[in-house]
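For reference, the structure discussed in these notes is given below.
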Amino acid sequence: MSDDATEARREKPDAAHERRKRRTVANLAIGAIKAQHAAHRSPLERNIDRLNTIAGSTPFLVVHALWFGSWILWNSGLFPVERFDPFPFGLLTMVVSLEAIFLSIFVLMAQQRESAIAELREELGLQVSLRVEQEVTKTLQLVAGLYTRMGYRVSDDPELHRMLEPLDVRGIERDLLEQIEAATEARRHNTMFDTKY
């Protein structure tokens with residue numbers, strides 16, 4: 001055997017190993033994005049996450065139910081105690097409103113961060129899918145070459161010809177945008193007729 005053939009054999013496993021390594025790295029990257037973001041959170045973001053965890057718990061609900069119930073009973077005049085916030089409970093309303101405002105801001109901040117992580121994951125998934133599509137197309141091209149060498153006619157299969165062409169990402173994007181615009185236009189057209197006078 002020639003040295004070229006031996007060298008070619010060495011390159012093939014290395015190339016296959018490299019492809020497997022890239023796929024493994026991509027899979028790990030999808031899981032690691034959230035861990036990376038969690039590791040790089042600011043102290044404010046860590047505290048917000050803690051508050052969201054506490055606010056989303058059953059003890060938080062129970063404590064608030066007991067607190068509001070006690071406050072209302074205390075200030076309703078049913079017991080012989082001095083009322084500090086008589087009906088319509090203005091102080092309680094203010095405290096609850098402030099708490100709701102801050103909890104809403106904390107939840108929105110956490111959701112914004114989660115949305116950014118989801119967008120990164122989606123982009124990474126798209127890039128991996130595009131890479132896989134390229135590899136599948138290349139594999140089909142190699143199989144078609146073997147098929148031709150065996151004496152079969154590849155030109156007889158139009159579906160195979162479409163599969164051998166590279167993926168037109170821009171064309172798919174353009175088609176999707178047209179479909180979205182058509183659906184939006186149809187919805188707008190239908191809502192014009194659905195309005196009641």
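Using 1/(1 + (r/R0)^6) with R0 = 30 angstrom and r between the beta carbons of residue 67 and residue 123, what's the FRET efficiency to the nearest 0.05? Write down the numbers at each step before the final one.
Numbers: r = 44 Å, r/R0 = 1.48.
E between residue 67 and residue 123, to the nearest 0.05, is 0.10.
Here the spin labels are modelled as points 7 Å beyond Cα on the Cα-Cβ line, and at residue 91 and residue 175 they lie 6.7 nm apart. The length gained by stretching the chain between residue 82 and residue 146 to full extension, at 0.36 nm per residue less their Cα-Cα distance, is 13.7 nm.
Oblate is the label for segment 127-178, because a/c, from the alpha-carbon gyration tensor with a ≥ b ≥ c as root eigenvalues, is 1.5 or above and a/b does not exceed b/c. The distance from the alpha carbon centre of segment 30-56 to that of segment 96-145 is 17 Å, rounded to a whole number.
Every number here is computed from the coordinates shown, using simple stated rules; none is lab data. Keep in mind the model is a prediction, meaning the values are calculated, not measured. As a convention, Cβ positions derive from the backbone with ideal geometry for all residues, glycine included, and neighbour counts pool all protein chains shown.
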